[in-house]
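Quick note: the coordinates plus some simple rules give every number you see, no bench work behind them. All of these numbers come straight from a predicted model, not from anything done at the bench. Note that we place each Cβ from the backbone using ideal geometry, even for glycine, and neighbour counts take in every protein chain shown.
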Amino acid sequence: MKSLAELQAIKDKMKSKVVLREGSEEIRVVVGMATCGIAAGARPVLNAFVEAVNESGLAEKVTVSQTGCIGICQYEPVVEIMEAGKEKVTYVKMTPEKAKEVVEQHLKNGNVVSKYTISNNKD
Amino acid sequence: MIRAQVLICGGTGCTSSGSKAIQEAFAENIEKAGLSEEVKLVQTGCFGLCALGPVVIVYPDGTFYSRVTPDDVKEIVEEHLLKGRVVDRLVYKDTGSEVVDENANVSLNDTAFYKTQNRVVLRNCGVIDPENIDEYIAMDGYSALGKVLTEMTPEEVIQCITDSGLRGRGGGGFPTGRKWALCAPNKAPQKYVVCNADEGDPGAFMDRSVLEGDPHSIIEAMTIAGYAIGATKGYVYVRAEYPIAVKRLQIAIDQAREYGLLGKNIFDSGFDFDLYIRLGAGAFVCGEETALMTSIEGNRGEPRPRPPYPAVKGLYNSPTVENNVETFANIPQIILRGAEWFASMGTERSKGTKVFALGGKIKHTGLVEIPMGTTLRQIIEEIGGGIPNGKKFKAAQTGGPSGGCIPASLIDTEVDYDNLTAIGCMMGSGGLIVMDEDNCMVDMAKFFLEFTVDESCGKCTPCRVGTRRLLEMLEKITQGKGTLEDLDKLEELCYYIKQNSLCGLGQTAPNPVLATLKFFREEYVAHVVDKKCPAGVCKDLLTFSINKDTCIGCGLCARNCPVGAISKTDYIAEGHKLPSYEIDPEKCIKCGVCMSNCKFKAISKQ
């Protein structure tokens, strides 16, 4: 180890691996992962969220986790985004592509992607 | 991409309750569920709540599973990791509040045990993988060393530590900054930094946990100390009874060498430092600083008179700084976050936090770290969860064989160095043994004296002979053969040993006796005058008897008595069909088996 820059490089590389354990409460992305969700393809959605959040450098303020059945099985995969002081946003019928869009638009720029929310997708 | 991490405690406590098997079960089940790419398994150091081990934490939720068995693992993997449903029955939920919300997803930080803690020394224990230097670096590891070597002069480092108010955590409470400042100006071809990891107090295990859970923090701190005082070599003296700690520390040293964080020209600053482990064979006296250095030199671990102090003539007669593991663990944080930050915690003369090893009659046995000045009541009732089985708190023993005890009447004492010294107790290394009404204080003092008699190195007479005489007097008292005069003699001898012993071991050995004499004299008097042990511990003063009117004559006691001391009488109590039993006091060995077997509470001891 000859310089602080080298140390910083290791730190940056590792940060995303341990940041999960600090449990940031700023923004929580919760993916419904009960049998209905999994059957509808929630696993790739969850993985897409984790990947996109890390790629866009949001890992320190966004926690991606899973939950059981949210109760609206016909809309699965369902993703809820909770942010302190803001109303909960529920996205429905998600796909990995939509997930990437939500990370880019909603989590990064703060614009809710309303075309995917539950209020605009009622049958 | 990893989306969840499963942290499994690999500290000594959880390892002995089977965390290895759990780790294997997780690996197997995660593989089977096809989650290997998404879920990472991490073995960490001690979480602190050893009573509820083996402990497993799942992140990002921070769900805290306690007392996990290998059979539970399949369920956790299939339910929680796969489907996102927390396995409720295994979650530890004690938040200390009256209302228990069964559905609330209680995370680790909300529990009563963790809520009031402030983890500085233990910040990485149970959070990082101790065998992976990269994880330590991710948690700001070695940044303090980088800052010290590139931005600070040795004088500035010492000033920072002095300003922080950090005092030695090994028990004595000597200001760390002053210790370094005393050593720094002494010129010598070779100086040394020594870490005292010879944790010998019965019941204390915080140093072990730090070495097991965060070994790099000690390496970093010792290197900083080396730079501050101008030493290029360091030794960690650790007990051979701590195999996991030794193994992880060696791995950490090897990794640090590989990264060039130990060795020549660290951070291109021209500063060299290297570190070696020395194993102790478990002699209590080797925790005393001069005896420890004598032992590192390869000699029999005996203390030597001071002065000269180690700062002038220590290891191999060279200037040496010796600090305890917990003291070192504070150093990197002080450098990074500043002396003011550290000094903002704690009381006027005791800054920062202290780790305590809670043991004895308490629900949450384990490790807790709290700011100095927290009351004993908070430690025991809130964090420790109180005394089990509805018993009453009697006293807390601190400082092990060198310490005293805090009686129930002083439970609101704010715990810091000076307050404890003022009531004739001492902080010690942080063992805190809680005692309830079933503990006899004379017996407790006798227990610690037995320990010091065994561990006295024999070099000086007051300690070698004095402690033995003390023990004999205590034995006499617990056998009911003592007199009131003995109590005065006991006290006199205590003071004599304290004043005349060579090292800390002898100087503090009488403390358990003095403290119990001070706060529980009436218990000594009961042993001497009434020939009774109020707590019902001292066997020679007990008699077991059967209440013939409560006894229904089932005969269970007689069948279980190992010496055949119980026999049938011809007395049949009113309303009973069978004759009652009686105990022959001549034959009785007072083992108590009859009493614990009797379902009708007909047997009592006095």
Cα shape, the protein assembly as shown, gyration tensor, a/c 1.5 rule: oblate
For a label point 7 Å along the Cα-to-beta-carbon line of B:GLU241, residues of region B:352-370 with backbone N under 20 Å: B:356-361, B:365-368
For q = 0.07, 0.11, 0.16 Å⁻¹, Debye-computed log10 I/I(0) when each Cα of region B:133-342 counts as one equal scatterer: -0.18, -0.45, -1.03
Shielding by other protein chains, B:126-138, mean Cβ within 10 Å: 4
Crossing angle, helix B:325-337 versus chain B [Cα axis fit, 0-90 degrees, rounded to tens]: 50
Rounded Å value of the spacing that divides the Cα centres of region B:162-202 and region B:284-361: 5
Equivalent ellipsoid semi-axes, region B:530-569, via Cα gyration tensor eigenvalues times 5, rooted, Å: 24, 13, 8
Alpha-carbon Rg with Dmax, taken over region B:543-605, Å: 10.5, 31
Whole-number D in µm² s⁻¹ for chain B, Kirkwood Cα-pair radius fed into Stokes-Einstein, 37 °C, 0.692 mPa s: 124
Cα-Cα pairs of region B:4-112 separated by more than 17 Å (percent): 49
Eligible lysines near B:LYS599 by straight Cα distance, threshold 25 Å, same-chain separation 8 or greater: B:LYS361, B:LYS391, B:LYS392, B:LYS539, B:LYS548, B:LYS568, B:LYS577, B:LYS587, B:LYS590
Packing-based exposure ordering (other Cβ within 10 Å, fewest first) of B:ARG119, B:ARG300: B:ARG300, B:ARG119
Distant-in-sequence amide H partners of B:VAL194 (H built 1.01 Å from N, under 5 Å): B:TYR235, B:VAL321, B:GLU322, B:ASN323
Residue order, fewest to most surrounding Cβ atoms within 10 angstrom, among B:ASP488, B:ASP140: B:ASP488, B:ASP140
Residue-averaged beta-carbon neighbours from other chains (10 angstrom radius) around B:251-260: 1
Residues in region B:34-57 reached by a label modelled at A:GLU60 [backbone nitrogen below 15 Å; 7 Å Cα→Cβ]: none
Exposure proxy order (Cβ contacts within 10 Å, fewest to most) of B:MET426, B:MET293: B:MET426, B:MET293
Between helix B:154-164 and chain B: long-axis angle, C-alpha atoms, 0 to 90°, nearest 10: 40
Cβ neighbours within 10 Å from other chains - mean over A:7-18: 6
